[in-house]
Amino acid sequence: MKFKFSLLFFFVFFNPLALAAELGQLSPAQLTQLQKEQNALVIDIRTEKEWAATGIIPDSHKLQFFSATGKYNPEQWLSDLNQLRTNEDQAIILVCRSGSRSAMVGNMLAKTKGLKNIHHLSNGILPWIKAGNKITNDCPSKLACK
């Protein structure tokens, strides 16, 4: 019996799948808190038209992931992202219009690239705007605003 319990304990607490990086979902308030308390890097992955239509979250960076035709280059995008990061442990928060694309990209970063501390704004920028949070058209990074 002790052997079975020990085996169960091992699989529950030392299972490599249990230690896999996961994507965190954030509310607008949680995004603001993580940005202030941990200097989280907020990345808006939407298209130029979307940025122009709504603006962006203050102190976030425009770094488009999908082209207008849906194409993407994850290696180039990740290289651009790494140039914006201050360190490997810095929290990254992805933002899109509705939360679908940011969830997809965040899961890719967490599961296939092994990045930790990856989050996305649940339901996208629309709830951020609806809640009356600030929006800006400024871009703090030349790299991400090509």
Worksheet entry | Proportion of all alpha-carbon pairs of the range 33-146 beyond 22 Å (%) | 24 percent
Worksheet entry | Added length on full extension, which subtracts the Cα-Cα distance from 0.36 nm per residue, Thr112 to Gln76 | 11.4 nm
Item to complete: Could you look at the range 68-133 and say what percent of its accessible area is carbon and sulfur, using a 1.4 Å probe and all protein chains?
Response: 50 percent
Fill in: Distance in nm between pseudo-label sites at Lys36 and Thr136 (7 Å out along the Cβ direction from Cα)
1.6 nm
Worksheet item: What accessible area per residue, rounded to a whole number of Å², is obtained for the range 17-146 using a probe radius of 1.4 Å?
Response: 56 Å²
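The values are calculated or read from the model by the stated rules, or taken from the named source; none is laboratory data. Being a predicted model, the structure only gives us computed values, none of them experimental. Counting neighbours? That spans all protein chains shown, and the Cβs are built from the backbone with ideal geometry, glycine included. With ligands, DNA and RNA removed, areas are computed over all heavy atoms of the protein, side chains included. Shrake-Rupley method; radii C 1.70, N 1.55, O 1.52, S 1.80 Å.
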